[in-house]
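Worksheet for the structure shown next.
The values are calculated or read from the model by the stated rules, or taken from the named source; none is laboratory data. What you see is a predicted model, and the numbers here were worked out from it, not measured in a lab. Glycine gets a Cβ as well: all are built from the backbone with ideal geometry, and neighbour counts include every protein chain shown. Just so you know, the surface numbers come from the protein's heavy atoms only, side chains and all, with ligands and any DNA or RNA stripped out. Shrake-Rupley method; radii C 1.70, N 1.55, O 1.52, S 1.80 Å.
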Amino acid sequence: MGQIEWAMWANEQALAAGLIMLTGGIVAVAGQFKGWYFAAYAIAAGVLVCLLEYPRSKRKKGSTMERCGQRYLTAVVKLFGPLTRNYYIRAVLHAALAVPAGFLLSTILGTVCLGIASGIYLLAAVRGEEWSPIEQQPRERPHMWSTLKQPPSNPPPRPPPDARRKQPAEVGGQVNPIPVEAE
């Protein structure tokens, strides 16, 4: 049985937590809840978490499917270097972002999910995992002449000459089982 890559799981959990926190913040601001400033904070924190967690990390073994449009955010995440690559820092950042949003009922689910993601990131950091970008290798284009196939050297099999002759068609056609009378 292979070793679990905890960071992959934490990435999905944190992205979902960011979306949940963002949604809860929008609901609280739109509903004019008391403590709407916590909701405004939850919106900002949710957007930050989503932008940070959208790019997937490259797996140690096997292949990783890149998310749609990930390469643009990967460049931004790579820009911050060790602040975004180190999972200890991500665990602390997610825990710190989760606390203020916990004071409002509509954002508490996002807070709990972000706290769980923070714990998973801490576990991944303890196990020595680190974020690394998915780098695409340029594909080698096949040469035009190598893709053309040679024509077959032998002709296709044919039936014997007597079977190739057309059979004479039957005269008369089909017989109608129901009697028809002309009026």
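At-a-glance table
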quantity	calculated
Where a residue in segment 7-36 is under 22 Å from Arg56 (Cα atoms) and its partner, wherever it lies, is part of a helix (DSSP H, G or I) and open to solvent by 80 Å² or more (accessible area, probe 1.4 Å), with Cβ under 7 Å and at least six apart	Gln13/Ile116; Ile20/Leu109
Members of segment 10-33 found to be within 25 Å of the chain's Cα centre (by Cα) and at pLDDT below 90, listed by number	Ala10, Asn11, Glu12, Gln13, Ala14, Leu15, Ala16, Ala17, Gly18, Leu19
Verdict on Val49 being in a helix (DSSP H, G or I) and surrounded by 19 or more Cβ atoms within 10 Å (Cβ to Cβ)	yes
Residue list for segment 46-63, filter: touching a residue at least 40 places away in the same chain (Cβ under 8 Å), of a type in the set (A, V, I, L, M) and over 14 Å from Ala16 (Cβ atoms)	Leu48
Considering residues of segment 27-42 that are in contact with a Ser or Thr (Cβ under 6 Å, 6 or more places away or on another chain) and more than 19 Å from Gly115 (Cα to Cα) only, the residue surrounded by the most Cβ atoms within 10 Å (Cβ to Cβ)	Ala28
